[in-house]
Amino acid sequence: MMTRSVVEYLERSAARFPDKTAVDDGSTALTYRQLRSGARRIGAALAERVQAVREPVAVFLDKTAESIMAFQGVLYSGNFYCPLDSEMPPDRIRAILSVTDPKVILTDEAHRAAAEQFAGAARIETMEELLALPEHPGREESVDRILSGCTETDPLYVLFTSGSTGVPKGVLVSHRVIINYAEWLEETFSMDSEVVIGNQAPLYFDISMHDTYGAFYFGGTLVIIPPALFSFPARLIEFMNEKKISSILWVPSAMGIFAALKAFRSGLPQYLQTVMFAGEVLPRRNLDYWMEHLPDTVFANLYGPTETFVCTGYICDGTEPAGEPMPIGKPIANSTALLLTEDGREAAPGETGELCLRGSCLATGYYNNPEKTGEVFVQNPLQAKYPDRIYRTGDLVKYNEQGDLIYLSRRDNQIKHMGYRIELGEIETAGYGIPEIRDCVCFYDYSRKRIVFCYDGAEIEKKSLRAALAEKIPSYMMPGRFIHLDALPHNANGKIDRKKLSAEYS
């Protein structure tokens, strides 16, 4: 039977395993029956209030099981969701809302007052109010009617990445992307209804979609790991064993904590069967540490910008040459990779080219931003006879002798840091909003894996500067080093000399 919406995963699993735990955040656990019932009730109520389909609904909540119910409720209403974590800086939330312009912000009573500060014309709805509405057959019928009109090309969610102009870009992803990925996941890994997926990523980070919809697709359990546990690996391992977590997809920085602290001396995660990592390069020494202590576990390196979700994968076998980059593998099902040189031709075997993707992994584009969409979602230059859309990642790659893709570097000023794709220009825009700063520039110190922020003007105490930036940018974008100069150097074109600064301070 063809799948038109990821909501069908929840529907099928609720029918098969009604009393099984669907999502557990360490404090609250919801069965599939409870999750489906609550989500459908929210969906019916939202449908009455939004009175439209395929519209964005902002969800402003903590990272809990309640958030997962809220997201599913938005989908049951025929609309798509935009996650707004309660820890996000208010200015970033306002920037996101200015792009999406949602009719409704879904929150709870604990966050209503905060939501009112940036809601603007959007109507605020709370989980408590919507769940308290009485059930009646008419609402159930309205939800079924909405679902019958869904297609796999409808929007599923919009996630915001960093924007080069200081305005975040909203990547709009359809149901088709996740449907295709879930089926590839089943073909590639030995997962079934016994799977327990341990979530590490924030719910506004695309990796979390693997956790949520992977669990629902198989009829497994999603466990939201309390973030504080990542500061105490021994306690985290105990938690993973208590919840019988069998599969994880984490950013390498989270995995690196275990290797740095030799955490497996105190115990092992006994139920882990698959360990996947994505978002940045995993240092080989850290991977070796995991593979040495968990020899029967499958390890996989997944790759994909937000605009393609996961589009390539590589299963590690431990024989990869030390000192060389870990392959990002081959494209997933229904996806194709093109390597294009600067002059627009296809790269020869072993030659470096920009990685471009085509197929079912592609996002719809950037929400409410046709100009930016048109810059990177383009016609395949190798095909002029019919429309064939590709996404230009800006990542430089090559094939190794085994036919696997190797990631080399970025083409532009966009970086990957702690698993996040970051435009350094957004940090600079935030810096220019600080009155004492005259000029500023950011670059990435690859050897130390940190963002460096150079500025001139009045010197600011580091603690105060961090606090000022924290009002504008999320914590993962915070520079790791601040450098005050009497004057930033400029090149012959009058522009700040980034290369000189990078060479001097990296």
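The values are calculated or read from the model by the stated rules, or taken from the named source; none is laboratory data. Note that this is a predicted model, so its numbers are computed, not measured. With ideal geometry, Cβ positions are generated from the backbone for all residues, glycine too; neighbour counts draw on all protein chains shown.
Looking only at the range 165-184, residues that are in contact with a Gly (Cβ under 7 Å, 6 or more places away or on another chain), buried (at least 24 other Cβ atoms within 10 Å of the Cβ) and more than 12 Å from residue 306 (Cβ to Cβ) come to 0 in all.
Would you be able to say whether some residue in the range 252-270 is in contact with a Pro (Cβ under 6 Å, 6 or more places away or on another chain), exposed (fewer than 15 other Cβ atoms within 10 Å of the Cβ) and more than 18 Å from residue 420 (Cα to Cα)? Checked the range 252-270: at least one residue is in contact with a Pro (Cβ under 6 Å, 6 or more places away or on another chain), exposed (fewer than 15 other Cβ atoms within 10 Å of the Cβ) and more than 18 Å from residue 420 (Cα to Cα). Evaluated against (1) assigned to a loop (DSSP other than H, G, I, E, B); (2) on the phi < 0 side of the Ramachandran plot, residue 267 falls short on exactly one condition, (2).
Just one residue in the set 43, 78 is part of a helix (DSSP H, G or I) and buried (at least 20 other Cβ atoms within 10 Å of the Cβ); that residue is 43. For the range 12-26, a tally of residues being touching a residue at least 40 places away in the same chain (Cβ under 8 Å) and either part of a loop (DSSP other than H, G, I, E, B) or surrounded by fewer than 22 Cβ atoms within 10 Å (Cβ to Cβ) (or both) returns 8. Cβ-Cβ contacts under 6 Å between residues 6 or more apart (or on different chains), taken from a first residue in the range 272-285 that is modelled with pLDDT of 80 or more to a second residue that is of a type in the set (D, E, K, R), are absent.
Output yes when any residue across the range 49-56 is aliphatic (A, V, I, L, M) and either in contact with a Phe, Trp or Tyr (Cβ under 6 Å, 6 or more places away or on another chain) or closer than 26 Å to residue 427 by Cβ (or both), and no when none is. Checked against the condition, which is being aliphatic (A, V, I, L, M) and either in contact with a Phe, Trp or Tyr (Cβ under 6 Å, 6 or more places away or on another chain) or closer than 26 Å to residue 427 by Cβ (or both), the range 49-56 yields no hits at all.
Assess whether residue 437 counts as being more than 21 Å from residue 393 (Cα to Cα), surrounded by 16 or more Cβ atoms within 10 Å (Cβ to Cβ), among the β-branched types (Val, Ile, Thr) and not assigned by TED's automatic domain parsing to the domain that holds residue 340. In short, yes. Test residue 390 against the stated conditions and say whether it is part of a strand (DSSP E or B), touching a residue at least 12 places away in the same chain (Cβ under 8 Å), in contact with a strand residue (DSSP E or B) (Cβ under 8 Å, 6 or more places away or on another chain) and closer than 30 Å to residue 154 by Cα. Against the criterion (part of a strand (DSSP E or B), touching a residue at least 12 places away in the same chain (Cβ under 8 Å), in contact with a strand residue (DSSP E or B) (Cβ under 8 Å, 6 or more places away or on another chain) and closer than 30 Å to residue 154 by Cα), residue 390 qualifies. When restricted to residues that are farther than 16 Å from residue 46 by Cα, of a type in the set (Gly, Ala, Ser) and surrounded by 17 or more Cβ atoms within 10 Å (Cβ to Cβ), the range 107-148 contains 2. The single condition from (1) modelled with pLDDT under 95; (2) surrounded by fewer than 21 Cβ atoms within 10 Å (Cβ to Cβ) that residue 201 fails is (2). Here residue 292 clears all of (1) surrounded by fewer than 22 Cβ atoms within 10 Å (Cβ to Cβ); (2) not in a helix (DSSP H, G or I) except the condition numbered (2). Looking at the range 351-371, is at least one residue over 24 Å from residue 190 (Cα atoms) and part of a helix (DSSP H, G or I)? The answer is yes, given that some residue of the range 351-371 is over 24 Å from residue 190 (Cα atoms) and part of a helix (DSSP H, G or I).
Within the range 380-400, not a single residue is outside the structural domain of residue 154 (by TED's automatic domain parsing), modelled with pLDDT under 95, over 26 Å from residue 172 (Cβ atoms) and touching a Phe, Trp or Tyr at 6+ places or on another chain (Cβ under 7 Å). The residue pairs whose first member lies in the range 184-198 and is under 23 Å from residue 25 (Cβ atoms) and touching a residue at least 24 places away in the same chain (Cβ under 8 Å), whose second member is assigned to a helix (DSSP H, G or I) and β-branched (Val, Ile, Thr), and whose beta carbons are closer than 9 Å, counting only pairs six or more residues apart or on different chains, are 197/212.
The condition of being out of contact with any strand residue (DSSP E or B) (no Cβ under 7 Å at 6 or more places or on another chain) and either under 28 Å from residue 352 (Cβ atoms) or of a type outside the set (Ser, Thr, Tyr) (or both) holds for only one of 430, 487, that being 430.
Within the range 34-57, the set of residues being more than 14 Å from residue 154 (Cβ to Cβ) and of a type in the set (A, V, I, L, M, F, W, C) comprises 35, 39, 42, 44, 45, 46, 47, 50. Taking each residue of the range 338-360 that is within 13 Å of residue 308 (Cβ to Cβ) and not assigned by TED's automatic domain parsing to the domain that holds residue 153 and looking for partners that are in a loop (DSSP other than H, G, I, E, B) and aliphatic (A, V, I, L, M) with beta-carbon atoms closer than 9 Å, six or more apart or interchain, yields 338/347; 338/382; 355/328; 359/332; 359/333; 360/332; 360/333. Could you list, in sequence order, all residues of the range 390-431 that are closer than 21 Å to residue 96 by Cβ and of a type in the set (Ser, Thr, Tyr)? 420, 429 - these are the residues of the range 390-431 that are closer than 21 Å to residue 96 by Cβ and of a type in the set (Ser, Thr, Tyr). Do we find a residue being under 23 Å from residue 75 (Cα atoms) and part of a helix (DSSP H, G or I) anywhere in the range 218-231? The answer is yes; a qualifying residue exists. Counting only residues that are surrounded by 21 or more Cβ atoms within 10 Å (Cβ to Cβ) and either within 25 Å of residue 287 (Cβ to Cβ) or of a type in the set (Asp, Glu) (or both), the range 338-356 holds 1 of them. Taking the criterion of being small (Gly, Ala, Ser), in a loop (DSSP other than H, G, I, E, B) and modelled with pLDDT of 95 or more, the only residue of the range 306-342 that qualifies is 333. The strands (runs of 3 or more DSSP E) found entirely in the range 413-492 that carry 2 or more residues being within 22 Å of the chain's Cα centre (by Cα) and within 26 Å of residue 309 (Cβ to Cβ) are 414-417, 420-423. Would the range 361-375 turn up any residue that is free of Cβ contacts under 8 Å to residues at least 60 places away in the same chain, surrounded by 18 or more Cβ atoms within 10 Å (Cβ to Cβ) and either under 21 Å from the mean Cα position of the chain (by Cα) or within 25 Å of residue 208 (Cα to Cα) (or both)? Yes, there is a match, as at least one residue in the range 361-375 is free of Cβ contacts under 8 Å to residues at least 60 places away in the same chain, surrounded by 18 or more Cβ atoms within 10 Å (Cβ to Cβ) and either under 21 Å from the mean Cα position of the chain (by Cα) or within 25 Å of residue 208 (Cα to Cα) (or both).
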